[in-house]
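Single-structure report; data block below.
The values are calculated or read from the model by the stated rules, or taken from the named source; none is laboratory data. Note that this is a predicted model, so its numbers are computed, not measured. Backbone-built Cβ (ideal geometry, glycine too); neighbour counts: all protein chains shown. Ligands, DNA and RNA are stripped out before the accessible areas are found, and what is left, the full protein with its side chains, is counted by its heavy atoms. Shrake-Rupley method; radii C 1.70, N 1.55, O 1.52, S 1.80 Å.
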Amino acid sequence: MNKKDVLVTGGAGYIGVHTIVELYNSGYKPIVVDNLSNSSIKNIKGAEQILNDKITFYQYDCSDFDQMDKLFGEQINIEAVIHFAAFKSVEESVREPQKYYTNNIGSLEIILDLMKKYKVSNIIFSSSCTVYGSPDILPVNELASFKKAESPYGETKQLCEKLIDSSKTNSISLRYFNPVGSHKSGLIGDCSSDKPNNLVPIICEVASGKRNSMKINGKDYDTDDGTCVRDYIHVVDLARAHVMALDHILNNTNIKTAYNLGVGKGVSVQEVINSFEKINNLKISYEIGPRRVGDIEKIFSDNSKINDELNWFPIMSFESALESAWRWEKNHKKILKKDSN
Ligand code: UD1
């Protein structure tokens, strides 16, 4: 069987590399491009180890038209693009908004132009539940309108979805809720050079001793235990959804849609810490701090659209996500230590 070629931008990143593994295991041939500015070649090596095969990899920058033009010119069998490559720090986007607008929107424009030039008509876009801002109704479904974005990062996700909608390509935007966990091998994960800002990576740093303690950002919210509520989804379930979206887009015409990608269950910050301690048999040192600016009190998904239309359902447990997150933290630390010797 001829494998279908799929261009995966940002494929050395956390979600990208998990998607490469699922794509390959489902019979696709991922062609990976990543400038490694906030990811690592270690993820590509890890994926190669898991798959026991070489991955086609270009260290190019998606915001460089000439480099991407060369790639599209060489890889003439690309049937679809999965576009992950983007800056992703909410906090940095507030400090350096221009960097986010220029890179995140600029690179998508280049991809769309080159898709037109090389007649590639399918794109899957890595979006976020941040497009909803603070929703009026929970669980939030895809019909909810975009509220004012909480950050320039969030605004770039809204603008990118609009840009794709106004293009002539078949498209699916996947709106991720909170991805957590790692592949069970512990060989791939989040290699960002950014200091982690997300909850589970921070818990892992406290567990490993990299940080002494952490703060719960506010315990006075109108939720059961006073801490914020999110919808945590195992990154492998998230990666599987990309394959299903790809199958769908390649087997249908005139697709232009968006899907929520969450488990559909709200879990509080306090519950995440408690579960992590229980599953990994560890104590996490934390204190209650003030609210974090821009945080939404509560958000979780209505995932019935992707259940009904793509037959996607989460199959990985929250417990396995927290266990694999900790496994990755330990392995990753070992790999870094080995490299520095
Ligand atoms: C954030 C982004 C979202 C992005 C997502 C992916 C915002 C508003 N949203 O989601 O757009 O797609 O990351 O990475 O920034 N927390 C603590 N202590 C900590 C760290 C986090 O209490 O040390 C709390 C946060 O305040 C929040 C919850 O944990 O209530 C989850 O935070 P985080 O993992 O950063 O994700 P989001 O903020 O939901």
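Tabulated data for the structure shown
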item	result
Residue satisfying condition, being assigned to a helix (DSSP H, G or I), out of contact with any Cys (no Cβ under 7 Å at 6 or more places or on another chain), surrounded by fewer than 16 Cβ atoms within 10 Å (Cβ to Cβ) and of a type in the set (Lys, Arg), within set LYS148, LYS162, LYS157, LYS195	LYS162
Restricting the stretch 240-260 to residues that are small (Gly, Ala, Ser) and in a helix (DSSP H, G or I), the residue that is farthest from ARG292 (Cα to Cα)	ALA245
First in the stretch 294-311 and more than 17 Å from ARG230 (Cα to Cα), second anywhere and of a type in the set (D, E, K, R), Cβ under 6 Å, 6 or more apart	LYS305/GLU142
Failed item in (1) over 24 Å from ASP247 (Cα atoms); (2) in contact (Cβ under 8 Å) with a residue 24 or more places away in the chain, with ILE44 passing the rest	(1)
Residues that are out of contact with any Pro (no Cβ under 7 Å at 6 or more places or on another chain) and either within 16 Å of the ligand (Cβ to nearest atom) or under 15 Å from ARG175 (Cβ atoms) (or both), drawn from the stretch 302-313	ASN303, SER304, LYS305, ILE306, ASN307, GLU309, LEU310, TRP312
Criterion: in contact (Cβ under 8 Å) with a residue 12 or more places away in the chain, within 15 Å of the ligand (Cβ to nearest atom) and at negative phi - qualifying residue of SER167, SER171, SER185, SER192	SER192
Residue in the stretch 143-159 that is on the phi > 0 side of the Ramachandran plot, modelled with pLDDT of 95 or more and under 21 Å from the mean Cα position of the chain (by Cα) present	no
Helices (runs of 4 or more DSSP H) within the stretch 43-113 that include 3 or more residues of a type outside the set (Val, Ile, Thr), closer than 30 Å to ASN25 by Cβ and at pLDDT 95 or above	65-74
Selected residue (criterion: nearest to ASN178 (Cα to Cα)) from residues of the stretch 278-301 that are more than 8 Å from the ligand (Cβ to nearest atom) and open to solvent by less than 30 Å² (accessible area, probe 1.4 Å)	SER301
Condition check for ASP66: surrounded by 15 or more Cβ atoms within 10 Å (Cβ to Cβ) and away from the ligand (no atom under 16 Å from the Cβ)	no
Of residues in the stretch 221-239 being open to solvent by 10 Å² or more (accessible area, probe 1.4 Å), part of a loop (DSSP other than H, G, I, E, B) and hydroxyl-bearing (Ser, Thr, Tyr), the one farthest from VAL263 (Cα to Cα)	TYR221
Qualifying residue in the stretch 199-220 (condition: touching a helix residue (DSSP H, G or I) at 6+ places or on another chain (Cβ under 6 Å), more than 22 Å from PHE318 (Cα to Cα), in a loop (DSSP other than H, G, I, E, B) and open to solvent by 30 Å² or more (accessible area, probe 1.4 Å))	yes
